[in-house]
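The values are calculated or read from the model by the stated rules, or taken from the named source; none is laboratory data. Everything quoted here is computed from the prediction, not taken from an experiment. Quick reminder, even Gly has a Cβ in these numbers, built from the backbone with ideal geometry, and neighbours come from all protein chains shown. Surface accessibility is based on the protein's heavy atoms, side chains included, excluding ligands, DNA and RNA. Shrake-Rupley method; radii C 1.70, N 1.55, O 1.52, S 1.80 Å.
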Amino acid sequence: QVQLVESGGGLVQPGGSLRLSCVTSGSISRFYSMAWYRQAPGKQRELVASITSGSYTNYAESVKGRFTISRNNAKNTVFLQMNILRPEDTAVYYCNAREVSEVHWGQGTQVTVSS
């Protein structure tokens with residue numbers, strides 16, 4: 001059973017930064033892609049950023065230039081560095097890992113951007 005455990009969420013003022021972490025229960029190399037999604041109240045879950053096993057990255061237009069996704073294979077961890085945070089970034093952020101035949105989700109971590 002694959003487990004994804006997110007951490008790093010919290011309350012931050014506009015313009016601030018947070019770094020989210022997602023630790024996998026097994027080797028990260030089994031996943032061909034890992035990603036961060038977010039879901040704000042009353043909205044659909046949306047892709048924020050993704051990274052492949054070859055470290056190719058993709059970002060939502062709304063976060064380009066502010067967020068950076070990275071991975072540390074030795075620590076089985078994916079990170080999301082979030083800078084210049086805005087109130088509209090407020091959401092529950094979910095880690096996602098894809099294998100050929102399965103998709104796994106973490107439990108989510110709340111990010112709130114407010115003064």
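Just a few scattered comments:
- Within the chain, longest stretch clear of exposed trypsin sites (Lys or Arg not before Pro) (DSSP loop, no more than 13 other Cβ within 10 Å): 65-115
- Karplus-based coupling profile of segment 58-72, in residue order and whole Hz: 9, 10, 5, 4, 5, 10, 4, x, 10, 10, 9, 9, 8, 9, 10, with θ = phi - 60° in 6.51 cos²θ - 1.76 cosθ + 1.60 and x standing for Gly or Pro.
- Heavy-atom accessible surface of the chain: percent carbon and sulfur, 1.4 Å: 47
- Ratio Rg/Rh [Cα only; Rh per Kirkwood] for the chain: 0.95
- Under the combined filter of DSSP loop state and at most 12 neighbouring Cβ atoms within 10 Å, segment 1-58 retains these chymotrypsin sites (Phe, Trp or Tyr not before Pro): Tyr32, Tyr56.
- Among Pro87, Ser21, Val2 - extreme Cα towards positive end, dipole of the chain, charges at beta-carbon: Ser21
- In segment 25-103, Cα pairs under 8 Å separated by at least six residues give a relative contact order of 37 percent.
- Sites listed here are GluC sites (Glu not before Pro) in segment 29-115 whose DSSP assignment is loop and whose Cβ has at most 13 other Cβ atoms within 10 Å: Glu99, Glu102.
- Residue-normalised accessible area of the chain, expressed per residue, 1.4 Å probe, Å²: 53
- For segment 56-100, the alpha-carbon radius of gyration amounts to 1.29 times the rule-of-thumb value 2.2 N^0.38 Å expected for a compact globular protein.
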